[in-house]
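The values are calculated or read from the model by the stated rules, or taken from the named source; none is laboratory data. Since the model is a prediction, treat every value here as computed from it, not as a measurement. Note that we place each Cβ from the backbone using ideal geometry, even for glycine, and neighbour counts take in every protein chain shown. What goes into the accessible areas is simple: the full protein's heavy atoms, side chains included, and nothing from ligands, DNA or RNA. Shrake-Rupley method; radii C 1.70, N 1.55, O 1.52, S 1.80 Å.
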Amino acid sequence: MAEADTSTLGALTAPHSAVEFLRDYWPDKAFAAHGDPARLPAFLRASELDSVEALSRVYRGNLRFTSGRRYQKMLAIDQVHAASLYRMGLTVQFEDISPFVATTAPDLRRLEAELGVAGGAARASVFASPFSDGLSVHFDAQDLFSIQLKGTKRFRIAPVRELRYPVGTQFVPDTEPFDFLYPQVPGGFPDPAGADFTTVEMQPGSVLFLPRGTWHTTESGGDSLSVSIGLYLPSAADCVLEQLQLLLLQDPEWRCPLYGGWGDGAARDAVAARLSRLLARLPRDCSALKVEDVLSGLLLPEQRLAAITPESRFQKTPHSRLETEPGVAARGYTYEVMLIKIADPNYGERASTRLEVAPEAAAVFRWMAESRAAFPAGELSARFPKFPFDQHCQMLEAASRAALIRPLWFPVLPPGRESA
């Protein structure tokens, strides 16, 4: 989480502090800040964002466009010069500027860390709207930061009272909804007619945070260029279901397709009986899933390697092999040279890592290379007690980085649960 206003988040929220934003607004309340554009993070001051024409010269990604005053949907298009659409009086969205504005990705990664969200969740797009155009009323299923760079824009915003934390994509009233919205709105689809809208006037340097599930409509007061940072985060249900699926896939009964489920008669009856047995077991199987398993599943591989415990599990990769070269003596120290090679019969050798290790440590690497079953980090302590656990962690990290083994990111189905 951000601690000081030198952060990327602090640059967005100034003159308010990042701490104030996290304490009083994030993630549930709309927030606006106004100030000098020079305070903004570096990528928002890049020369590519000086104008629609400047960005059009370098951008080769996906585009979407609309005429928000006359048409509610945005349409995707490619192989068209964005500035040409803009000159036609259309609002144009450059969907992802990270590959084309070099400083974008580092600033987004810092922002994710400061907000405590998943790495890679933030995506920056650009909206260019000519005078009086914009977007019709809608809500998004992502949290958004809108940053005004050029011109002015008027936002009208209101919370969606009928739906908190929507999952899915954008919803525009009176248009076909995405399927995931139906289970979220059993009382009826949200309607902006009775919402309590407020107005936010955006000037160059203005920043507006909109929580997911906020009605908003925009209208430019002149030629407008703005950046939208969307946070595409998995729901709690997504995170739990991912780990639960990995747990259940360890049991052949859960892996087996529902043969006959699309038929009728006896075949369908047999499937129903089998499903009944599986669903009766489900609470017991779910009980093997722990909070720590779900939280561990959120971590990137680098983060897992930085937090190895005796219970952390690893498994030898099938496309790696370990080779050794004769030991070498230098300055009174003898070490073995170990080559970890990554190969695939379809593509040949793709990578090779050279490690110089003491003969005693070489035995640990050879054991990992010969193992087939998954093993906990603590097993190294039992097999090779000469080394303290922190050294075992260093070896596991080195072997993982070389792809000799892979850190596992899912829980274990307890013995006896499989096909019980």
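Table for the structure above
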| item | result |
| --- | --- |
| Ala307, sole failed condition from (1) open to solvent by 30 Å² or more (accessible area, probe 1.4 Å); (2) aliphatic (A, V, I, L, M); (3) over 29 Å from the mean Cα position of the chain (by Cα) | (3) |
| Where a residue in region 27-55 is over 27 Å from Thr214 (Cα atoms) and open to solvent by less than 20 Å² (accessible area, probe 1.4 Å) and its partner, wherever it lies, is of a type in the set (Asp, Glu) and part of a helix (DSSP H, G or I), with Cβ under 9 Å and at least six apart | Ala54/Glu48; Leu55/Glu48 |
| Per-region count, region 157-209, residues among the hydroxyl-bearing types (Ser, Thr, Tyr) and open to solvent by less than 50 Å² (accessible area, probe 1.4 Å) | 2 |
| Search result, residues across region 5-32 that are touching a helix residue (DSSP H, G or I) at 6+ places or on another chain (Cβ under 6 Å) and of a type in the set (S, T, N, Q) | Ser7, Thr8, Thr13 |
| Residues located in region 155-170, provided they are at pLDDT below 95 and in contact with a strand residue (DSSP E or B) (Cβ under 9 Å, 6 or more places away or on another chain) | Gln170 |
| Qualifying residues in region 208-251 (those that are part of a loop (DSSP other than H, G, I, E, B) and of a type in the set (Asp, Glu)) - the one farthest from Ala122 (Cα to Cα) | Asp251 |
| Residues (within 28 Å of the chain's Cα centre (by Cα) and part of a loop (DSSP other than H, G, I, E, B)) located in region 176-188 | Glu176, Pro177, Phe178, Val185 |
| So Glu302, is it touching a residue at least 12 places away in the same chain (Cβ under 8 Å), surrounded by fewer than 17 Cβ atoms within 10 Å (Cβ to Cβ) and not in a strand (DSSP E or B) | no |
| Test: residue in region 195-217 that is under 30 Å from Arg109 (Cα atoms) and without any contact (Cβ under 8 Å) to a residue 24 or more places away in the chain | no |
| Those residues of region 336-381 which are among the polar types (S, T, N, Q) and open to solvent by less than 50 Å² (accessible area, probe 1.4 Å), in sequence order | Thr353, Ser371, Ser381 |
